[in-house]
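Below: one structure, written as structure tokens.
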Amino acid sequence: MMDPMANLDAGAAAPSADDDEKDVIDFSTLRLNVQRIDKTKSVMGIASGCVAGILGLTGWEGLVCFAILQSIVLLSLWAFKMNFRLYACTRQSWFSYISANLQQNALSFTLFWTLFYGLVYLY
């Protein structure tokens, strides 16, 4: 994430091909990006729990539904919002991008999965 307004090469000679570029990181923007990703993943965990409950999925079928929908959301964020530049937008590795808040999202999924399954099929 290079900031062209930072004027990092002011006063220096013309940059050569072997000079490394300096990254300028705006930590408030970085924090905002990660918060938006976490919020999107949380909402999608809740929505996928509603879908699995309404469809009447039980057991491993529900878990597979969660995994598929979570993967679709993560890949969509990476492709459409980040333009395939994960590290430039979040400073995260692939493992931390996939596993961040996974337990919280799975618990929200389970809560809404059982709630909507109970509302549709038990009552």
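The values are calculated or read from the model by the stated rules, or taken from the named source; none is laboratory data. From a predicted model like this one, the values you see are computed outputs, not experimental measurements. Every residue, glycine as well, gets a Cβ built from its backbone with ideal geometry; the counts of neighbours run over all protein chains shown. Accessible surface is based on the protein model in full, side chains and every heavy atom, while ligands, DNA and RNA are left aside. Shrake-Rupley method; radii C 1.70, N 1.55, O 1.52, S 1.80 Å.
So here's what we get for this one:
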item	result
Summed side-chain charge close to VAL34 - residues other than VAL34 whose Cβ falls under 14 Å, Lys, Arg +1, Asp, Glu -1	+4
Förster radius 30 Å - calculated FRET efficiency between LEU55 and VAL34 (Cβ-Cβ, nearest 0.05)	0.45
The range 23-30 - phi-based ³J(HN,Hα) in whole Hz, Karplus 6.51/-1.76/1.60, Gly and Pro as x	8, 10, 10, 9, 5, 5, 5, 4
Ranking by accessible area, most exposed first, for MET82, MET44 with a 1.4 Å probe	MET44, MET82
³J(HN,Hα), Karplus 6.51/-1.76/1.60, whole Hz, each residue of the range 80-94, x for Gly, Pro	8, 8, 9, 6, 6, 10, 5, 5, 5, 8, 10, 6, 10, 7, 4
Ranking by accessible area, most exposed first, for LYS41, LYS81 with a 1.4 Å probe	LYS81, LYS41
Estimated distance in nm for a label pair at VAL43 and ASP26, the labels positioned 7 Å out from Cα along Cα-to-Cβ	2.2 nm
Linear extension gain, LEU111 paired with ASN83, 0.36 nm per residue minus alpha-carbon span	6.8 nm
Exposure rank, largest accessible area first [VAL64, VAL24; 1.4 Å]	VAL64, VAL24
Exposure of THR58 as accessible area (Å², to 10), given a probe of 1.4 Å and all protein chains	70 Å²
Extension gain (nm, one decimal) between VAL120 and VAL64, 0.36 nm per residue minus Cα-Cα	18.1 nm
